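To start, the structure itself, in structure tokens.
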Amino acid sequence: HVSTPLFLPQPRTPPHLPPRRRLEPQDTVTVRGGVLQLDCQAQCDVATGPVAITWRKDGVLLSAVVDDRRRQLTNGSLLVQNVVHSRHHRPDEGEYQCLATVDGLGSIVSRTAKVTVAGPLKVVVPTESVSSYLGDTALLRCEVSGDPTPVIRWQKNREDLPTNLDPDSRLAALPSGSLQVSRVQPPDSATYRCLADNPGSTRTGTDGELRVLPEPGVSRNLQFLQRPSRVAALLGTDAVLECSASGYPTPSVQWTRGDEQIQSWCVLGYCSRVTRVIPQIPRCVCSCLPAVPPQFLNYPTNTLAYESTDIELECAVTGNPPPTVRWTKNGEEVIPSDYFQIVDGSNLQILGLVKSDEGFYQCVAENSAGSSQAMAQLLLREPGRTTHTHARTHARTHTLEGGECPGVVLPSAPRDLVPVLVSSRFVRLSWRPPEESGGAVQTYGVYYSQDAVERERSVNVSEPESLELTVSNLKPEESYSFRVVAYNDVGPGESSAPLRITTKPDLQVPSRVESLRADALSPTSVQVSWEPPVQPNGPLLGYRLLWSESPTGKEQSVEVNGLNYKMEGLNKFTEYTVRVLAINRYGPGTATEPVGVTTQSDVPSAAPQNITLEVVLSRSIKVSWQPPLRSGQNGVITAYKIKYRKTGRRGDQEAIEPNNFWYLFTGLEKGSQYSFQVAAMTANGTGPASDWFTAETPENDLDESQVPDQPSSLHVRPLPNSIIMSWTPPLSPSILVRGYIIGYGVGSPYAETVRVDSKQRYYSIENLEPSSHYVISLKAFNNAGEGVPLYESAVTRSLTDPIDPSEDDLFHLFDKYPTPMPDTSTPMIPPVGVQAVALSSDSVRVSWADNSMTKNQKSSEVRYYSVKWKTSYSTSGKYKVRHKRSTTFTHTVTGLKPNTMYEFAVMVTKGRKSSTWSMTAHATTYEAAPSSAPKDLTVISREGRPRAILISWQPPMEANGRITGYILYYTLDKNMPIDDWVMEAISGDRLTHQVVDLNLDTVYYFRIQAKNAKGVGPLSEPVHFRTAKGLCPSVRWRRSPIGQMRPPHGSATPQKNSNLLVIIVVSVGAVTVVVVVIVALICTRRSSAQQRKKRASHGASKRKGSQKDLRPPDLWIHHEEMEMKNMEKAPSVAPSGRNSPTQSCQDLPQVAHSQSGSQIGSKMDGDEASSSISTLERSLAARRGTRGKMMIPMDSQPSNTRE
């Protein structure tokens, strides 16, 4: 009996199995932040224990509890919460399979389910305005790419057009996305736009105007607006071949298949049936036969076999394109080998069965149209064990389980097993019958195995009396063990002793080919050449060339007749390995060693991705990008070429960036619009360029440290289904405005929000309800935040009887929270299944289900849904509420803070009845670049290091994510462009930084900005700081305020003068000494008299000056101690840390104390001393608020010791 675990439900069951139901995972499209559930259930048709379910992703086994997001449910299904998907991290997207395992039986694997996370949509071909003559054909194009492929629909004057192909309609939305208008009429003159939707996002195209021109009646050349393209479709589905033509006279379109014209039918064998033909739209719509999923012609069957025997599991499939077939055993793919071989294209042959070969085998057929699989179970029985349930040709009904029965004789071992002939690929054996046969010998079985291989194979003689057997398909120069077993009616007897034989070398197949070479001819071709083998061993039938692509490792082969072959259609700049073997009538020879070759590089075939523009300053724009896809690089990217041009100016300019993925353009004109495109370069040339991206430099570097003011005016004009609003910007021209936020809604001005460009001055709010009260808000914003809103109210006009909005009572529009009137009827059920999915850094989409609305209930019933939210960490508990009248169950909340967790709840209102708030759902907005600069930027001097400063700051208030680093800028000229400032990068975990090697007595300006994973934030305001000044050459401080200061080198000292005097005295002689002494004494007496006279005059002058200035001086001289002491420091630090506390030479008065001896400093008269003291006094009073005191040493022999 074969036990088989089955998935539920099973649409296609092999004939030998009863129908079962199974549940397998299906291809799924999900969205980022959503919930993914893959179902899997299985059962076994006999009671063999529970079925264990495990999961694989991309071939890797997942544990039962993968992480906090992914877990396996008790019923086997896999649940993935908060699906993660980004550009470089896609852990949830891929191919999933579930594995059902029964202990002791084996495992089967389900179909492969592809999980795709819907990505953003991109408009490839925008809609452009077209002009068409009356009665002609017009084509409005709209091509949007995305994964999965979006559904495109069209609107005419903001009203939806039918999406189905109606033969009576002149307007048809084609599968390619284009809108075709046949026999253009004056009412067709309107504004059209396309809307693309997939599960991940919605994209609205640009408006395009169709202008209808009168037909002049002049002949116009035929022009194809849309040519047919290749279409692939599944069997039984509709295929559309598009064709549009324009001209005058109006062209007629006919279709042909080959040389045969198609009227209103399709040729049998090419199309199975005609669904419809639309004469107005020149195309044929028919069901064709290009793609058929795999279908089984022959299923594998459950097999019961003996060990050491060979079996073949059949599996015949058909399909279009021809399907590929692979086999799995217990969920693991079977890799072809010497003992597992794929024969006849799809059958699996297993040679020399062993016990471990038991299990479930699945034949999996796949092509582009789908996949199918069939399953069979393989069980092995030991030789000689029979049961009463197993029918035999003999009459025995007893069993031999557990041992031999008395009276039963099995054959003894065959005798004298010897080789008769040993070749390279076969061995012929002979033996003698056993001494005791226990009856007639039914057959002999020869068992053999290759050395170092545990798998043993067997082959039986064709005739019972035959005592010889040839064992074929052996390998040359390999050792094998052979043994023989005799069988009688009871079963197998004893085995003979093993016989070990080594096959001979294979001298018949060719030897290896010589001189294998592989040379790249182009980016897609390689020339391979070789020389014939030295020992062909007969005429050669040809060669086999084998090659594999290094990344994949999948080997391909081709039969070649000559000594060279040109491999074409290869991938560009890709490494391949090549092997060649020769073939004669005995078979293929030994292949050569692999030879590596890399195709030549080429120009890139894809453009760089994710182009972004950032306006840094009024004259700078930063362009950033990502490399092209790896498959489109076609070589080593050596540089990137950036073209740019100013709008309205002819000619493009170029810039080359060899190292980075960004380039900063400086020196641009203020208030100008520039366009940029980027292309990748290899050594072969430049690849295709990206689309043009446009940015505009501001007129001036406006202030963005504060939010914009309120818009100066707001005017609204209501219409039945729209409100046209216009406004004027804020009055303050010095504050930067990056755009405006428009909010509107019934009962709340923030039910819906729209962001528009800073240059826009009007906006039309569409899709409104007639005769409804709306509140509108308008506020300007910049990187510092959102400004104060300006409010206005309006009532949309009635479709039948327009009214003046001013006559309505608008009081209830300003109720922020609705207060429903008490209703004694059955309360409404709150919305269920509330989910919140982050869409961007400032928006979250909230979705829900309304169980209070039955399936048969009209969807046009007026219901209001209120969505409230707040930050999860909010302590105030106050929610923001927006009200939405809609028949859909989603709402996008905008204007949120980046990198912030919010909680949301929904309430439904119908008439006077309202439900309670639903269960809350949480979502965290994405990160964004910092929107504020680091704060509290402070610069202070370093103790003892006059050329170094220490800078500290605090993180920005609006980091919008984890700060990964800071960028510090400093310069001498604050008016220089920021690109010319010195820049230093700092890690994100530091809030201080030291700058060294600065110039003394110099004013520096500092700015800083923060960055995170999304980009850099704004710059802080400049902070200036003056470094310490130089030392006074004639005054030595014991210790300066910021460190030790030393006297200048080369200062003349009295000690050096006396030494010089000694040298002179020794050289001149005693007579000269006497003369010099006499002269010196005379000069000394005269100088002393003059000095005393001048000192008295100087003291009187100081006393007279003191009477005029009542404030005591900050500097006095202590003649007794003759020592200069440290200045007293104020208890507080200098304000803002803008200037160094070190005093310069110019701030200190240079005082002369006497005319005798050596002097310190230069001479000063009384006026100069008074002026200098007054300057110091004012400087210290302004900087410290107290008067410093200083003592100057008057020692004529200053110490040379440095403090």
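The values are calculated or read from the model by the stated rules, or taken from the named source; none is laboratory data. Keep in mind that what you see is a predicted model, and the values were worked out from it rather than measured. Quick reminder, even Gly has a Cβ in these numbers, built from the backbone with ideal geometry, and neighbours come from all protein chains shown. With ligands, DNA and RNA removed, areas are computed over all heavy atoms of the protein, side chains included. Shrake-Rupley method; radii C 1.70, N 1.55, O 1.52, S 1.80 Å.
Here are a few things to note about the model shown:
- Residue count, the range 765-794 (criterion: open to solvent by 40 Å² or more (accessible area, probe 1.4 Å) and aliphatic (A, V, I, L, M)): 1
- Residue pairs whose Cβ atoms lie under 6 Å apart, separated by 6 or more positions or on different chains, with the first residue in the range 722-733 and within 18 Å of His773 (Cα to Cα) and the second in a strand (DSSP E or B) and open to solvent by 30 Å² or more (accessible area, probe 1.4 Å), are Ser722/Ser764; Ile723/Val716; Ile724/Arg717; Ile724/Ser764; Met725/Val716; Met725/Tyr763.
- Within the range 571-580, being within 16 Å of Leu546 (Cβ to Cβ) and either under 28 Å from the mean Cα position of the chain (by Cα) or open to solvent by 20 Å² or more (accessible area, probe 1.4 Å) (or both) holds for Glu575, Thr577, Arg579.
- Of all residues in the range 127-161, exactly one satisfies the criterion of being open to solvent by 70 Å² or more (accessible area, probe 1.4 Å), closer than 15 Å to Ser178 by Cα and of a type in the set (Ser, Thr, Tyr), namely Thr149.
- Strands (runs of 3 or more DSSP E) completely within the range 906-967 that count 2 or more residues being touching a Leu at 6+ places or on another chain (Cβ under 7 Å): 935-942, 945-954
- Taking first residues from the range 559-581 that are at positive phi and partners that are open to solvent by less than 20 Å² (accessible area, probe 1.4 Å) and assigned to a loop (DSSP other than H, G, I, E, B), the Cβ contacts under 8 Å between residues at least 6 apart in sequence or on separate chains come to Phe573/Thr599; Phe573/Asn634; Phe573/Gly635.
- Filtering the range 878-898 to residues that are open to solvent by 30 Å² or more (accessible area, probe 1.4 Å) and modelled with pLDDT under 65 leaves Lys878, Lys884, Arg885, Thr887.
- Hits in the range 162-177 (condition: part of a loop (DSSP other than H, G, I, E, B) and over 37 Å from the mean Cα position of the chain (by Cα)): Leu165, Asp166, Pro167, Asp168, Ser169, Arg170
- Count - residues of the range 118-161 that are within 29 Å of the chain's Cα centre (by Cα), polar (S, T, N, Q) and at pLDDT 85 or above: 0
- Scan of the range 708-756 for residues that are among the hydroxyl-bearing types (Ser, Thr, Tyr) and in contact with a Ser or Thr (Cβ under 8 Å, 6 or more places away or on another chain), ordered by number: Ser712, Ser713, Ser722, Thr728, Tyr740, Tyr744, Tyr750, Thr753
- Every residue from the range 747-766 that is in a loop (DSSP other than H, G, I, E, B), within 15 Å of Ala794 (Cβ to Cβ) and touching a residue at least 60 places away in the same chain (Cβ under 8 Å): Gly747, Ser748, Ala751, Glu766
- Restricting attention to the range 586-622, the residues that are closer than 30 Å to Asp701 by Cβ and at pLDDT 90 or above total 1.
- Hey, Pro688 part of a loop (DSSP other than H, G, I, E, B) and either surrounded by 14 or more Cβ atoms within 10 Å (Cβ to Cβ) or touching an Asp or Glu at 6+ places or on another chain (Cβ under 9 Å) (or both) or not: no
- Taking the range 691-723 as the range and being among the β-branched types (Val, Ile, Thr) and either part of a loop (DSSP other than H, G, I, E, B) or open to solvent by less than 70 Å² (accessible area, probe 1.4 Å) (or both) as the test, the residues that pass are Thr697, Val707, Val716, Ile723.
- Annotation note: Cβ proximity below 8 Å between a residue of the range 964-981 that is surrounded by 15 or more Cβ atoms within 10 Å (Cβ to Cβ) and a residue that is β-branched (Val, Ile, Thr) and part of a helix (DSSP H, G or I) (sequence gap 6+ or interchain) occurs for Tyr969/Ile978.
- For the range 480-493, the condition holds for at least one residue, the condition being that it is at pLDDT 90 or above, more than 27 Å from Pro539 (Cα to Cα) and within 60 Å of the chain's Cα centre (by Cα).
- Residues of the range 833-847 classified as assigned to a strand (DSSP E or B) and open to solvent by less than 20 Å² (accessible area, probe 1.4 Å), total: 5
- Inspection of the range 21-36 finds a residue satisfying the criterion of being at pLDDT below 85 and surrounded by fewer than 18 Cβ atoms within 10 Å (Cβ to Cβ).
- Residue tally, condition farther than 23 Å from Gln450 by Cβ, open to solvent by 60 Å² or more (accessible area, probe 1.4 Å) and of a type outside the set (S, T, N, Q), over the range 305-360: 7
- Scanning the range 179-196 for residues that are open to solvent by 10 Å² or more (accessible area, probe 1.4 Å), outside any strand (DSSP E or B) and either basic (Lys, Arg) or over 16 Å from Arg158 (Cα atoms) (or both) turns up Arg183, Gln185, Pro186.
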